[in-house]
Structures are given as structure tokens and as C-alpha cells.
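Q: Let me give you the structure first, and then I'll get to my questions.
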Amino acid sequence: MKAQKLVRILLVGCTAAALFVLSACSTAQSNPVADAQAANRQYMAEVSQTMENLEEKLTSFTDAVARGDLVSMQTQADKAYEVLDDFKAITAPETLTDVHADYVAACESLEEALDAYIDLATEVESTSSGKVNTESYNKQLEEIQALYDEGIAKLEAADNTVAGKEMTVTSSAQA
């Protein structure tokens, strides 16, 4: 009788221990939806930080433009290029690779606009007579502004795509 009781107690104890181990293992296993959401949040945090850094560099570039300081323009553009290169190097989660490509295209448009503006400012500064063809200058400036606006529009489009994906992931996770 005592042996049966002991066996039952051991059996119950072993069963409880086995259930505990199994539940610990299942909680240790990752939830794919939660992992995907965490990866997306991490990526978007990196995007957000990079865009803040870029905004800071572009503000400094704009200040240099306002002062007409070509050397500072180039320096600030180089700093912006570093931020853009860092952004391009970010690894996007699989679900956001298309969005990352959109962000990279936006970065390339912004780089192109900065390059074009520096080229134009250099050209203006290098004119020996100090006179610039206003019509040509204004046309080039409009083209540069269009490149810049295109880059900003691409950034906004990528943000909107992410917001749409986030809503889809949240909705499917809640279902």
C-alpha cells in the first residue's frame, strides 16, 4: 500500500515536472507573429532615427545655402551622404524589403538633388564675370527642387506603405 502511494506520488510529481518542462519549452519557442512584429518595430526605429539624423544634416545644409557658404554646403552634404549610406546598409525584415527599396530610392533622389545643387552653386561661384544667366539658373533650380520633392514624396509613400502593412499585421494578429 505504501509502495503504491509512493508510486502514485512519484508519478504525479514526474507528470507535473514533465508538464512544467514542456510548457517552459513551448514558451521559450518564439511566436512567429511576435518575432515579425518585433523585427518590424526594430527596423522602423532605425528608420526613424536615421530620418532624424538626416533632417539635422539637411537643416545644416540649408543654413549653409542661406549663408552662401559653398565649403559648408559640401561638408553638410557629405554628412548627409553618410547618413544616407548608413540607411541603405540597414537590413530590412523580409516583410519590409519592398518598403526599404522605396526608402533607398528616396535617399538616392535626395542625394541627386544635393549633388545638383552643389554643382549649380559651384558653377555660379566660378563665373568670372559674376553674372549668371537668370533663366538658366532658375530652370536648373526648378529641376533640383523637383528632384528634392520627388525624394520627399518617395519617403512619404514608403511611410504610408509601412502604415498600411502595420495595420494589416495588427489586424491579422488580432484575428
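Q: For region 107-124 and region 24-98, compute the distance between their C-alpha centroids and round to whole Å.
A: Taking the Cα centre of region 24-98 as reference, the centre of region 107-124 is 21 Å away.
Q: Less than 18 Å apart at the alpha-carbon level, and either on another chain or at least 8 residues along: which aspartates and glutamates does that give for K79?
A: Within the straight-line limit of under 18 Å, K79 reaches these aspartates and glutamates: E46, E52, E55, E56, D63, D69, E108, E111, E112, D115, D119.
Q: So which of K57/K131; K88/K154; K57/K154 end up more than 21 Å apart, counting from Cα to Cα?
A: Beyond 21 Å between Cα atoms: K57/K131.
Q: While we're on this one: Points 7 angstrom from Cα along the Cβ direction at I152 and T122: gap in nanometres?
A: 2.5 nm
Q: Further, regarding this structure: How do 88-98, 71-81 rank on mean C-beta neighbours within 10 Å, highest first? Provide the component values of the computation, followed by the final result.
A: Numbers: 88-98: 14.0, 71-81: 17.1.
By packing density, highest mean first, the sequence is 71-81, 88-98.
Q: Moving on to the next point. Between D78 and T134, what is 0.36 nm times their sequence separation minus the Cα-Cα distance? Round to one decimal in nm.
A: Numbers: separation 56, 0.36 × 56 = 20.16 nm, distance 2.78 nm.
Here the segment from D78 to T134 would lengthen by 17.4 nm.
Bear in mind these aren't lab numbers, they're just calculated from the coordinates by the rules spelled out. Every value quoted in this text rests on a predicted model; they were computed, and no experiment measured them. We place every Cβ from the backbone using ideal geometry, glycine too, and count neighbours over all the protein chains shown.
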